[in-house]
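**Q** Structure incoming, see below.
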Amino acid sequence: MAEEEEESELSEKQKVEIAKWFLLNSPPGEIQYVAKDVKSILNDDGLFNEAASEAFPLYNKSHFIVLPMPDRSGDVLVTSFGELEDNAFLDPRTAQVAIVDHVKQVCEDVRPALDEELASAYIEEFRFSLDAEILKYVEEVYPKGVCSVYCVNGKDSEGPGSDFELAIVISASRHSPQNFCNGNWCSVWNIDFKDEQQTVEVKGKLQVGAHYFEEGNVQLDTKHECKDATLFQAPEDCALAISSIIRHHETEYLASLEASYLNLPDSTFKDLRRKLPVTRTLFPWHNTLQFSLTRDITKELGIGKVTLVDRINNLLLFAGVFNAGAGFCLAPPRPNQGRRIEGRRMEIILKTSSFSGLSVLLLQEEQSSKQCWPLKRRRRGQ
């Protein structure tokens, strides 16, 4: 028995990997809550610190978290495009480098960026113009959204004749755990300037994540890629054209998400339902007359060959109409009140509120030659 327990015990490496998986798959803005639970489950500070030191940097960079700088000069985006060292991230707009504590998710210090960490004057002209246009767009579209433009290739180019690449990162988050919901929007746009072809290629990757956990657990994780192109022009003209392309594609994708939500009840949710009942047979709505309610009730009550009046009265009794005192019953015939029905279908419609879940009951009976008596209102208590 002791040997089996030893074999089932996880190794320290396995525990660290499992803890990392939970941390990396935390919903937007909830990694600190997950970390608290993981730490209590591991019950080992050494193992938790090892898992957290590896998982938090990856999580922060993949979710493009935004941290305010200590001197309140702005916000820094934690992204691989601006990563200089393990904990140092460049903010091109303010030409500063932020020192970040990944596990605590705070910006601890700020220093001026070095010349070799910044783009050349020629590249900076394009980067600055594009950053200004994207900033206007983000402030208009995304509440509390943050954006930044980085030079990822060819930052040392001194003039026309060489290719270079810029990257636009947009991050917008809304964390409201008190209302049981968190979410974020992340988009990355790679702008490839090709001088020889005089074209600018635009490639975008959009990612949306949301988590609703009020009396349940519903998560959204969707990704979308798109591409476009424009002409290589002056910095201001390129910035306007690129910002228009980004606005168009992101607006189109957001509209498609909203349309899919509107179609959820009519399409997606119906697809999740059972196609056929357990009997694997569709209900014949086109020929419902093949089902006889009186025959089924008669079989359930064990009634043999009885008159039509007895059948209906038994049915009324079975349905609880007599007990409720609010229904109808068939009175015995009086002279000259009966009439003959030759080869017709007799329909008796009972309307009463005493039926459980039924407002109208339709009885159908094939009669070759029967007498039908009028319905008589039954007094309460009789």
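**Q** May I ask for the distance between the Cα centers of segment 56-97 and segment 209-264, given as a whole number of Å?
**A** 23
**Q** Which Cα, out of PHE48, ALA19, TYR33, lies furthest along the positive dipole direction of segment 2-61 (beta carbon charges, K/R +1, D/E -1)?
**A** TYR33
**Q** As a footprinting exposure proxy, order TRP185, TRP21 by other Cβ within 10 Å, with the fewest listed first.
**A** TRP21, TRP185
**Q** Taking the Cα centre of segment 111-234 as origin and charging only Cβ (+1 Lys, Arg; -1 Asp, Glu), how large is the dipole, in debye to the nearest 20? Provide the component values of the computation, followed by the final result.
**A** Details: 11 positive and 22 negative charges, 112 e Å.
It works out to roughly 540 debye.
**Q** Modelled label-to-label distance, TYR212 and ASP86, 7 Å Cα→beta-carbon offset: nm?
**A** A separation of 4.2 nm, rounded to one decimal place.
**Q** Still on this structure, please answer the following. Can you work out the Karplus-derived ³J(HN,Hα) for every residue in segment 130-137? Use 6.51 cos²θ - 1.76 cosθ + 1.60 with θ = phi - 60°, whole Hz, and x for glycine or proline.
**A** Going residue by residue, I get 5, 4, 5, 5, 5, 4, 4, 5 Hz, with x marking Gly and Pro.
**Q** Once amide H atoms are built 1.01 Å from N in the peptide plane, which residues 5 or more positions from LYS155, or in another chain, come under 5 Å H to H?
**A** none
**Q** Let me understand segment 119-261 better: what is its radius of gyration from the alpha carbons, and its Dmax, in angstrom?
**A** Gyration radius and largest Cα-Cα distance of segment 119-261: 17.2, 60 Å.
**Q** I would also like to ask the following. Quick one: putting +1 on the C-beta of Lys and Arg, -1 on the C-beta of Asp and Glu, what dipole do you get for segment 74-123 around its Cα centre, in Debye to the nearest 20?
**A** Numbers: 3 positive and 11 negative charges, 37 e Å.
So the magnitude is around 180 debye.
**Q** Ok, one more. Taking the Cβ of each residue in TYR33, TYR137 as the centre, tally the other Cβ atoms inside 10 Å and list the residues starting with the fewest. Write out the running numbers ahead of the final one.
**A** On the way: TYR33 13, TYR137 18.
Lowest to highest Cβ neighbour count: TYR33, TYR137.
**Q** Here is a further query. Quick one: what do you get for segment 2-61 if you divide its Cα Rg by 2.2 N^0.38 Å? Show your work: numbers first, answer last.
**A** Numbers: Rg = 12.6 Å, N = 60, 2.2 N^0.38 = 10.4 Å.
Compactness ratio reported: 1.21.
**Q** Continuing with the same structure: Using the Karplus curve 6.51 cos²θ - 1.76 cosθ + 1.60 with θ = phi - 60°, what ³J(HN,Hα) values do you get for each residue of segment 95-111, in whole Hz, with x for Gly and Pro?
**A** Result, rounded to whole Hz: 6, 10, 10, 9, 9, 10, 9, 5, 5, 7, 6, 9, 9, 8, 7, 9, 9.
**Q** Still on this structure, please answer the following. In terms of modelled amide H atoms, which long-range or inter-chain residues lie less than 5 Å from the amide H of ASP109?
**A** Amide H to amide H, under 5 Å and 5 or more residues apart or across chains, ASP109 pairs with ILE99.
**Q** Taking 0.36 nm per residue of sequence separation and subtracting the Cα-Cα distance, how much length would be gained by fully extending the chain between ASN25 and GLN197, in nm to one decimal?
**A** Taking 0.36 nm per residue and subtracting the Cα distance, the gain is 57.7 nm.
**Q** Quick one: CYS181, CYS151, fewest Cβ neighbours within 10 Å first, how do they rank?
**A** The most exposed by this proxy come first: CYS181, CYS151.
**Q** Would you mind pulling out the separation of the Cα centroids of segment 9-54 and segment 126-160, in Å?
**A** If we compute the Cα centre of each part, the gap is 36 Å.
**Q** Explain nothing, just compute: Karplus ³J(HN,Hα) = 6.51 cos²θ - 1.76 cosθ + 1.60, θ = phi - 60°, for every residue of segment 221-235 in order, whole Hz, x for Gly and Pro.
**A** 9, 10, 10, 8, 10, 8, 8, 7, 7, 8, 7, 7, 10, 5, x
**Q** Let's see if you can work this out: charge +1 on each Lys and Arg Cβ, -1 on each Asp and Glu Cβ, no other charges. What is the dipole magnitude of segment 36-94 about its Cα centre, in debye to the nearest 20?
**A** Values: 5 positive and 11 negative charges, 58 e Å.
Dipole magnitude for segment 36-94 comes out near 280 debye.
Every read-out reported here was derived from the displayed coordinates using simple, explicitly stated rules and does not represent laboratory data. Everything numeric here is computed off the predicted structure, so don't read it as measured data. In this analysis, Cβ positions are derived from the backbone assuming ideal geometry, glycine residues included, and neighbour counts consider all displayed protein chains.
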